[in-house]
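Below is one structure, written out as structure tokens; the observations come after it.
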Amino acid sequence: HKYATIVESNNPENVGKKASIQGWVRAVRKMKENVFLDVSDGTSSEHLQVVLKKDSKPESLGYGCSITAEGEISLAPNGRAELHAEKLSVIGECDLDGYPFLPRKQYEQDYIRQYLHLRPRTRAFSSILRLRDIASRAVGDYFKDHNFVNIHTPILTSNDCEGAGEVFLVQPNSKELNKEMMKDGTKDEAAAYFDTKAFLTVSGQLHLEVCARALSRVYNFCPAFRAENSKSRIHLSEFYMIEAEMAFVSSLSELIKETESFIKSVTKRVIEDGQSDLRTLGAPEPNWLDKDFGIITYNEALGILERHKDQLTVPIKHGENLAKEHELFLVEYHEGTPLFVIEWPSQVKPFYMKECSHDASKVEALDLLAPVTGEIIGGSVREDSYSKLESRIPEGLNLNWYLDLRKYGNVPTAGFGMGFERYLQIICGVPNIKDVIPFPRWPHNCSL
Ligand code: 4AD
Ligand code: MG
């Protein structure tokens, strides 16, 4: 390599060697004889101190510039490595007039988020981007080590897996093409291209269920899209979801074990591999890695909430979903350790969940609640009875193929889905989901 990374240059073992580096100036300190620069190349959260004789400083050198520098790595008085630049070139100047991030200033996330095209240059956000990468790898490795096969489930689909009607409709933008497609007699313009309406997927679960019935253990890690009218700090219109589906898993207790093992193992790996970025962010160390997660039923959850009604502002409604406030209260009540809420009323959950054997009004569902976000994972045992499933599939959904799965070599399956951005919020200690994804989409916001 022509250029060394900042990490390599920072390694005290390389003291005395020559190095060429490239990167961006993140700080400038002018002293009597020398100019000191902090240079970052984004490959890590580390900065390299570059020292330059004042009289050889290029005129245009300043905060925000991109540079290349060449020189010898020496030991600074503080014991760290630094580069004594013999040659330094400014590649691109940075016009501070109008640049939103000025040196030595701290900015609120709401402000930084207005500059999505410049945001990755902030130290914290570049750490977030690297942690996304580190966590993605940890997820892939976990599944590989546990005999899961990665399935590329489709983005375009004709089904609304969660049945909540929160789908984005997709059709050609070209009127001409649509007209051409309708020549065969299709009446519905929105269905002209595929002969059926097509949506951006809300979840790849149904496709995973197809594959689990041949490959046993499968997962995906894909974008999911939800047309929700929410600008909340935990909702995005486009987010990444990790979903796992396991054949021959027939009980909530087995599913809970798998889910808990997944999130704990991945987190241990992220903490190991992401140390310096987590430190840069000042992320809170999870205190739950060696504790058992709690398990309570939906009814028990309502009981706890009822007993602490005076501390809650949102009314508790039996048979309905929990409010965010309720979820976060339950986590706090459980001393900040995540907990599973299981056995939900069937009317608040999608059609595919298995009816509880002891109570036909409930389904074998779990929600994992965690600090910061509340719900982080949703999952269930799937209904494996052909007739029960048939009666639960909402009118008008063309899911004969899904029913078919229960006909030929049927097995029980169970699975879960975890929102990747919510997970990163918890791991990085970031209150707003828009600050853990490079280009967030939410209502009225899709311009970059
Ligand atoms: O609970 P959900 O809707 O479950 C499913 O989609 C199932 N098909 C999963 C499965 O069993 N295979 O979504 C799963 C998770 C939620 O717990 C949440 O973390 C995240 O996806 N999520 C969102 N994240 C960001 N923005 C949104 N609008 C989200 N909606 C769900
Ligand atoms: Mg859910």
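Using r as the Cβ-Cβ distance of residue 318 and residue 149, and R0 as 56 Å, what FRET efficiency do you calculate, to the nearest 0.05? About 0.85, to the nearest 0.05. Under 19 Å from a label point set 7 Å out along the Cα-to-Cβ vector of residue 31, the amide N atoms of segment 48-76 belong to 48-58, 62-63, 70-76.
Which residue, 203, 186, 220, has the largest displacement toward the positive end of the dipole of segment 119-228 when charges sit on each Cβ (Lys, Arg +1; Asp, Glu -1)? The listed residue farthest towards the positive side: 220. Working from label points 7 Å from Cα in the Cα-to-Cβ sense, the residue 254 to residue 385 distance is 1.9 nm. Think of each Lys and Arg Cβ as +1 and each Asp and Glu Cβ as -1; about the Cα centre, that makes the dipole of segment 241-302 roughly 160 debye.
The GNM of the chain, with springs linking C-alpha atoms under 10 angstrom apart, assigns the highest mean-square fluctuation among 79, 417, 282 to 79. Look at where the Cα atoms of segment 66-87 and of segment 160-234 average out, and the two centres are 54 Å apart. Quick one: helix 123-145 against the long Cα principal axis of the chain, what's the angle to the nearest 10°, folded into 0 to 90? Tilt of helix 123-145: around 50 degrees. Highest GNM mean-square fluctuation among 332, 320, 395, for the chain modelled with Cα contacts below 10 Å: 395. Annotation for segment 1-32 versus segment 112-151: alpha-carbon center distance of 26 Å. Label separation (residue 227 vs residue 398): 1.9 nm, computed from points 7 Å beyond Cα along the C-beta direction. Which net charge results for the neighbourhood of residue 393, defined as the other residues with beta-carbon distances under 15 angstrom from its beta-carbon, given Lys and Arg at +1 and Asp and Glu at -1? Result for the neighbourhood of residue 393: -2. With both labels modelled 7 Å from their Cα along Cα-to-Cβ, the residue 111 to residue 325 distance reads 3.1 nm.
For the residue pairs 17/57; 17/53; 264/362, the alpha carbons lie more than 25 Å apart in 264/362.
Net charge within 10 Å of residue 40 by Cβ-Cβ distance, Lys/Arg positive one each and Asp/Glu negative one each, not counting residue 40 itself? That sum, taken over residues with Cβ under 10 Å, equals 0. In segment 79-113, which residues have a backbone nitrogen under 14 Å from the label point lying 7 Å from residue 123's Cα in the Cα-to-Cβ direction? Within reach of a label on residue 123, which here means backbone N under 14 Å from a point 7 Å along Cα→Cβ, segment 79-113 contributes 102-107. Within the shell defined by Cβ-Cβ distances under 14 Å, the residues around residue 439 carry a net charge of +2, with Lys and Arg each +1 and Asp and Glu each -1.
Springs join every pair of Cα atoms under 10 Å in this Gaussian network model of the chain, and among 226, 121, 29 the largest mean-square fluctuation is at 29. Rounded to the nearest 20, the size of the Cβ-charge dipole of the chain about its Cα centre is 1160 debye, with Lys and Arg at +1 and Asp and Glu at -1. Using the Cβ-Cβ distance between residue 78 and residue 290 with R0 set to 45 Å, the FRET efficiency from 1/(1 + (r/R0)^6) comes to roughly 0.80.
Pairs exceeding a 23 Å alpha-carbon distance, out of 257/291; 197/434; 18/105; 257/407: 197/434; 18/105; 257/407.
Bear in mind these aren't lab numbers, they're just calculated from the coordinates by the rules spelled out. Model, not experiment: these values are computed from the prediction. With ideal geometry, Cβ positions are generated from the backbone for all residues, glycine too; neighbour counts draw on all protein chains shown.
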